[in-house]
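To start, the structure under review is shown below, and the notes come after it.
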Amino acid sequence: MYGGGYIQEEKQEATSPIDDSQKLAEFEARIDRGEKIEPHDWMPADYRKQLIRMIEQHAHSEVIGALPEGTWITRAPGFRRKLALIAKVQDEIGHAHLLYSAAETLGKSREQMINDLLTGKSKYSNVFNYPAKTWADVTVIGFLIDAGAIVNQVANSKGSYGPYCRALERICYEESFHLKQGHDAFITLATGTKAQHDMLQDALNRWWKPIMHFHGPPDKISEHTAKLMRWKVKMATNDDMRNQFLDMYVPKILEIGITIPDPNLKKNEATGQWEFSDPDWDEFKRVINGDGPCNAERLAVRQYVEEHGKWVRTAMMNPNQKVVIPFA
Amino acid sequence: MSKIPLNTPVLDPRIKRVDLESTYGTTAIGENEHWISWEVFHQKKRGDQHVHVGIVHAPDAQLALLFAKEQFGRRLACVNLWVTKSSDIFSFSYDDEDIFDNATAPEKQYREASGFRVMEKINRYKKSKQKA
């Protein structure tokens, strides 16, 4: 997980910094040729800023995403499921490390990023502000939220920034196990006893809205978005990602007798686009701005961990060390 | 569609951990508190080259190796890892990448195996022998 399906935009500054036009042309030509940009290359200020925000939010999503699943390790049904869940949660934290390192190459230190998470300045994927009430919730997360993230991450791994692509390549490799174990648990419940089936259906009913929110609201067709796509920062629109996700996973849900709680969900075969009810974008906005069922809890746990690990980190710290941007 | 009530107080321990001290918003992490960065090199099997795979943060080399083992040695084959401080890496600048153009330049074919064609000459020789 949890490649932040949706990257929170900041308000555009009235005047963007003016970039050297010759360097900009060389930079764009490099991207057009399919070459990667590396940390010490010249890059437009807006490219750097947008990438930091995107990779940082992705990293935070991995950290916070591990929390709802982490609470279920002790309650996972059976030894094999526990082992798989422990491995998955460890992977997610590993992914956060990979991503923080990639973001750091752009000049924002890990400490700054974590501070921004703790103060609520930086966002993370909105789905983790919802509770995992039953084992079936963990199953829905492990299958469908991970699936949504993979759609996003596979696209982004073909982007233009070298360190992010390299981190994503490794992440996608591990994700394939997350998706498979989620699918396996999903099928087990769907095809199990009536109680299991009902529990899964209930969880999917509650999660459908956050799942539809996952890839973010429909893109405004703005010059900004067009620029980011030209620079291969954003690889597809939110709607395209969501459509691809529905294409791949709606059949996998329906084929094992689970229903989707949206009577208007259907594919328009003429356009190839999925049609669905309005997934309540107002709720999405409220939750991402802090007013969700678990926002405070998630940050409190993170805050607690930073606070209580501080003495260990400080004891081992060498006061003479200087911040050095990772090399690659 | 069932509606999830927003901001419902939940006391279920599966959702809400009990009695977290409410320190929310007070921790500020100092620079380097998550330590310095180390570049990690991974060797897949004996005899292979060590290959750069990424970065860990650690206060010293021993701990950097331990974190590298967790991050880069827990999946896929691995027999050995190296770490070195990011600050100890020296490199060329990509601005100068044209200095390497020579390496693949067509006029340097005289030092490539493909720059020499022997079959033509052999065939010509054999043909002349047959005629004779």
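None of the figures in this text is laboratory data; all of them are computed from the coordinates on show. Because the structure is a prediction, the values reported are computed rather than measured. Here the Cβ is made from the backbone with ideal geometry for all residues, glycine too, and neighbour counts use every protein chain on show.
Report the trypsin sites (Lys or Arg not before Pro) located in the range A:269-328 that are in a DSSP loop and have at most 15 other Cβ atoms inside 10 Å of their Cβ, or state none. Within the range A:269-328, the qualifying trypsin sites (Lys or Arg not before Pro) (loop, at most 15 other Cβ atoms within 10 Å) are A:322.
Shown for the range A:139-290: lysine pairs separated by 8 or more places, or found on different chains, whose C-alpha atoms are under 17 Å apart, numbering 10. Once both labels are positioned 7 Å from their Cα atoms along Cα-to-Cβ, the gap between residue A:325 and residue A:73 label points is 3.5 nm.
Here's how it looks for residue A:267: its modeled amide H is under 5 Å from those of A:275, which are all 5 or more places away or on a different chain. For B:107, A:283, B:70, the sequence from fewest to most other C-beta atoms within 10 Å is B:107, B:70, A:283. For residue B:85, list the aspartates and glutamates whose Cα falls under 13 Å from its own Cα; do not include residues on the same chain fewer than 8 positions away. Here the aspartates and glutamates satisfying the reach criterion relative to residue B:85 are B:39, B:60. For the residues of A:116-124, the average number of beta carbons from a partner chain within 10 Å of their own beta carbon is 2.
Here's the picture: charge each Lys and Arg Cβ at +1 and each Asp and Glu Cβ at -1 in the protein assembly as shown, and of A:181, B:91, B:115 the one pushed furthest to the positive end of that dipole is B:115. With both labels modelled 7 Å from their Cα along Cα-to-Cβ, the residue B:60 to residue A:265 distance reads 5.5 nm. For peptide A:42-53, the mean count of partner chain Cβ atoms within 10 Å of a residue's Cβ comes to 0. With the alpha-carbon atoms of the protein assembly as shown aligned to their principal axes, the span from lowest to highest coordinate is 96, 62, 54 Å, starting with the largest.
Taking a point 7 Å out from the Cα of residue A:36 in the direction of its Cβ, the residues of the range A:65-101 whose backbone N falls within less than 19 Å of it are A:95-101.
Put in line by how crowded their Cβ is, counting other Cβ atoms within 10 Å and starting with the fewest, A:254, A:67, A:98 read A:254, A:67, A:98. A protection proxy built from the mean count of other Cβ atoms within 10 Å ranks the segments A:264-276, A:135-147, A:33-45, most packed first, as A:135-147, A:33-45, A:264-276.
Rounded to the nearest 500, the helix-only mean residue ellipticity at 222 nm of chain A stands at -19500 deg cm²/dmol, with each DSSP H run of n ≥ 4 adding -39,500 (n - 2.57). Which of A:74, A:315, A:118 sits farthest toward the positive end of the charge dipole of the range A:31-316, with +1 on the Cβ of Lys and Arg and -1 on the Cβ of Asp and Glu? Selected residue: A:315. Using every pair of separate Cα atoms, the Kirkwood estimate puts the hydrodynamic radius of the range A:112-260 at 16.8 angstrom. Other protein chain C-beta atoms within 10 Å of residue C-beta, averaged over A:312-319: 4. Using only side-chain charges placed at the Cβ, +1 for Lys and Arg and -1 for Asp and Glu, the dipole size of chain A relative to its Cα centre rounds to 740 debye. Annotation: amide H-H contacts under 5 Å for residue B:80 (H modelled 1.01 Å from N, sequence separation of 5 or more, or interchain): B:43.
Shown for A:99, B:76: other C-beta atoms within 10 Å of each C-beta, ranked fewest to most, produce the order B:76, A:99. Using the alpha-carbon positions of the range A:41-117, Rg (one decimal) and Dmax (whole number) come out as 15.6, 52 Å.
Using the Cβ-Cβ distance between residue A:252 and residue B:48 with R0 = 56 Å, the FRET efficiency computed as 1/(1 + (r/R0)^6) comes to roughly 0.90.
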